[in-house]
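The values are calculated or read from the model by the stated rules, or taken from the named source; none is laboratory data. Note that the structure is predicted; figures quoted are calculated from it, not measured. Note that we place each Cβ from the backbone using ideal geometry, even for glycine, and neighbour counts take in every protein chain shown.
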Amino acid sequence: MGKISTVGVIGAGQMGNGIAHVAALAGYNVHLNDISDEALAKGMEAIEANMTRQVSRSLISPDELSAAIKRIKPSTSLTAFEQVDLAIEAATEEREVKEAIFKSLCEVVPDHAYLATNTSSISITRLAATTDRPEKFIGLHFMNPVPLMKLMEIIRGLATDQDTYDMALGFAEALGKTTTNAEDYPAFIVNRILVPMINEAVYALYEGVGTVEAIDTGMKLGANHPMGPLELADFIGLDTCLSIMQVLHDGLADTKYRPCPLLVKYVEAGWLGRKVKRGFYDYSGDKPVPTR
């Protein structure tokens, strides 16, 4: 595992608990942090449930599950991060929140520790500039769900040094991930292409080109996508999709990245997708039902 033996993860939500999951299975000691015991409990429940599913599919053994769970130490305090070699931020996709986290991290992590962000769209260079070690800062964009998706985007900031990049490659390899290198431009590679497609699907709905089911069925059967764009938006989180579109629109100043007003309306209503059981589909029953 090279220079890294202990990993700290900020955020026990879907991305954070996924990162903790794969890091613990790879043999790393993991400190999982969130702002509340409730959030940590939910995160640990999700990790155990997802690992149990892997056991049922013979992807890992019961002993591997047990050992991995023991490697994860949840806490609402950053004190444990005094021991980490790599700290990964996986909080909400808001620049101000991430900057505040990194300022707090710099007060506790050791001098040798690397810092990483799982941001899906925000400038790595800008986030790195809020820290005391921009040369040791890098973007590690995991795909969702982390335990299943094979890709990790690696994004260097302007100041990121070669040692940090080499560490990222070694870490990704230890986790069994395939890497792709993206330059530090808004939304990088995957979301630069994916989220505008989702936004266009929302425009198609907004303008009455098709219904929710017609749009999703069309892309699943007509383009061989495993999941329709509106269903995928619900899975990602409509607030996250909107944040990425806003980063693209602000960063590239091109009207083609203007967020669809209907996407904005859904987010304002709190209809954020699967995580709240309502987005373009209603998930409260046995089967998802379109909400429009």
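Going by what's in this entry, would Met167 be described as farther than 16 Å from Leu115 by Cβ, surrounded by fewer than 22 Cβ atoms within 10 Å (Cβ to Cβ) and assigned by TED's automatic domain parsing to the domain that holds Arg57? Criteria not met by Met167. Within the stretch 123-136, residues that are in a loop (DSSP other than H, G, I, E, B) sit with their Cβ atoms under 7 Å from residues that are at pLDDT 95 or above and of a type in the set (A, V, I, L, M, F, W, C), at 6+ positions apart or across chains, in these pairs: Thr130/Phe102; Thr131/Phe102; Thr131/Cys106; Thr131/Leu115; Thr131/Phe137; Asp132/Cys106; Arg133/Leu115.
Every test in (1) modelled with pLDDT under 95; (2) under 12 Å from the mean Cα position of the chain (by Cα); (3) not in a loop (DSSP other than H, G, I, E, B) is passed by Pro145 save one, and that test is (3). All of (1) at pLDDT 95 or above; (2) outside any helix (DSSP H, G or I); (3) crowded, with 21+ Cβ neighbours inside 10 Å hold for Pro110 with one exception: (3).
Taken over the stretch 141-185, the criterion of being closer than 20 Å to Thr131 by Cα and touching a residue at least 40 places away in the same chain (Cβ under 8 Å) is satisfied by His141, Thr164, Met167, Ala168, Asp184, Tyr185. Of the helices (runs of 4 or more DSSP H) lying entirely inside the stretch 158-266, those containing at least 1 residues that are touching a Cys at 6+ places or on another chain (Cβ under 9 Å) span 190-206, 229-236, 238-252.
Once the stretch 44-79 is narrowed to residues that are hydroxyl-bearing (Ser, Thr, Tyr) and farther than 24 Å from Ser5 by Cβ, the residue that is surrounded by the most Cβ atoms within 10 Å (Cβ to Cβ) is Thr52.
Looking across the stretch 204-243 at every residue that is among the hydroxyl-bearing types (Ser, Thr, Tyr) and farther than 15 Å from Val267 by Cα, the one that is farthest from the chain's Cα centre (by Cα) is identified as Thr211.
Could you tell me whether the stretch 256-279 includes any residue that is charged (D, E, K, R), modelled with pLDDT of 95 or more and touching a Gly at 6+ places or on another chain (Cβ under 6 Å)? No, that holds for no residue. So which of Asp132, Asp85 ends up being surrounded by fewer than 16 Cβ atoms within 10 Å (Cβ to Cβ) and of a type in the set (D, E, K, R)? Answer to the check: Asp132. Annotation note: Cβ proximity below 6 Å between a residue of the stretch 215-231 that is free of Cβ contacts under 8 Å to residues at least 24 places away in the same chain and a residue that is small (Gly, Ala, Ser) (sequence gap 6+ or interchain) occurs for Ile215/Ala201; Ile215/Ala204; Asp216/Gly228; Met219/Gly228; Lys220/Gly228. Residues considered: Glu45, Glu99. Of these, the only one that is touching a Leu at 6+ places or on another chain (Cβ under 7 Å) and free of Cβ contacts under 8 Å to residues at least 40 places away in the same chain is Glu99.
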